[in-house]
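Since the structure comes first, as structure tokens, the remarks are kept for the end.
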Amino acid sequence: MLGQLPGLGRGPTPPCRGKSTLACALNRGLHSMGKLTYILDGDNVRHGVNCDLGFKPEDRAENIRRMGEVARLFADAGVICIASLISPYKKDRDACRALLPEGEFIEIVLQLKREVCASPREMAETVIDYLKEKGYLNA
């Protein structure tokens, strides 16, 4: 109905590596293509739905679990959910992946050093090109 494949994009990138900046650039790029998107960012969700959580490993796991459930609701509605979260534990990412149908969880890992990073717009274009190539944006 929306002409897009719903899904969740996110990665295990550590703090201060451009996740939120890339998420915003990716959101703008997808929106300019007529795609309906929503950004779940660690900073904004920790002030609301996850305000009761700290940063211990078990709190981080619960943070990711809750965000996976929220992202699944967006995907169920046909919205591309860009989750910009710190998710260092593979088991937590795998649990989120299991919430969505095969192929609707796309993990993006930023592993560039800050001094060699492309601009957010260039990084978003690279991600969008990848998503097009894989058929995620052709639905």
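The values are calculated or read from the model by the stated rules, or taken from the named source; none is laboratory data. Computed from a predicted structure; not experimentally measured. Cβ: placed from backbone, ideal geometry, glycine included. Neighbour counts: every protein chain shown.
Within the stretch 32-79, track down each residue that is more than 24 Å from Thr21 (Cβ to Cβ), small (Gly, Ala, Ser) and part of a helix (DSSP H, G or I). Let's see the steps before the verdict.
In the first step, residues of the stretch 32-79 are kept if they are more than 24 Å from Thr21 (Cβ to Cβ); the result is 52, 54, 56-59, 61-62, 65, 69, 72-73, 76-78.
With the extra rule that they be small (Gly, Ala, Ser), the set shrinks to 54, 61, 77-78.
Correct list: Ala61 only.
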Return the pairs, sorted by first residue and then second, in which the second residue is assigned to a helix (DSSP H, G or I) and surrounded by 12 or more Cβ atoms within 10 Å (Cβ to Cβ), the first residue lies in the stretch 54-70 and is among the β-branched types (Val, Ile, Thr), the beta carbons are less than 9 Å apart, and the residues are 6+ apart or on different chains.
Ile64/Asp92; Ile64/Arg93; Ile64/Ala95; Ile64/Cys96; Val70/Val45
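Taking the conditions exactly as written (within 20 Å of Arg97 (Cβ to Cβ) and at pLDDT below 85), does Leu26 satisfy them or not? Reasoning before the result, please.
Values: within 20 Å of Arg97 (Cβ to Cβ): yes; at pLDDT below 85: no.
Judged against the criteria, Leu26 is not a match.
Kindly evaluate Leu73 against the criterion of being within 23 Å of Leu137 (Cβ to Cβ), in contact with an Asp or Glu (Cβ under 8 Å, 6 or more places away or on another chain), modelled with pLDDT of 85 or more and surrounded by fewer than 21 Cβ atoms within 10 Å (Cβ to Cβ).
Numbers: within 23 Å of Leu137 (Cβ to Cβ): yes; in contact with an Asp or Glu (Cβ under 8 Å, 6 or more places away or on another chain): no; modelled with pLDDT of 85 or more: yes; surrounded by fewer than 21 Cβ atoms within 10 Å (Cβ to Cβ): yes.
Here the answer is no, as Leu73 does not meet what is asked.
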Among (1) part of a loop (DSSP other than H, G, I, E, B); (2) modelled with pLDDT of 80 or more; (3) of a type outside the set (Ser, Thr, Tyr); (4) closer than 18 Å to Gly34 by Cα, the one test that Ala139 misses:
(2)
Out of the residues in the stretch 40-60 that are crowded, with 17+ Cβ neighbours inside 10 Å and modelled with pLDDT of 85 or more, which is nearest to Gly135 (Cα to Cα)?
Leu40
Is the stretch 116-129 home to any residue that is under 23 Å from Ala75 (Cα atoms) and modelled with pLDDT under 70?
no
Please determine whether any residue of the stretch 80-103 is surrounded by 14 or more Cβ atoms within 10 Å (Cβ to Cβ), assigned to a loop (DSSP other than H, G, I, E, B), small (Gly, Ala, Ser) and modelled with pLDDT of 85 or more.
no
Could you please let me know if Arg65 is of a type outside the set (A, V, I, L, M, F, W, C) and within 26 Å of Asn138 (Cβ to Cβ)?
no
I'm trying to understand the selection: among the residues of the stretch 79-112, which are of a type in the set (Gly, Ala, Ser) and farther than 22 Å from Ala25 by Cβ?
Ala95, Ala98, Gly103
Flagged pairs (Cβ under 6 angstrom, 6 or more apart or on separate chains; first in the stretch 29-40, of a type in the set (A, V, I, L, M); second surrounded by fewer than 16 Cβ atoms within 10 Å (Cβ to Cβ)) are Leu36/Leu2
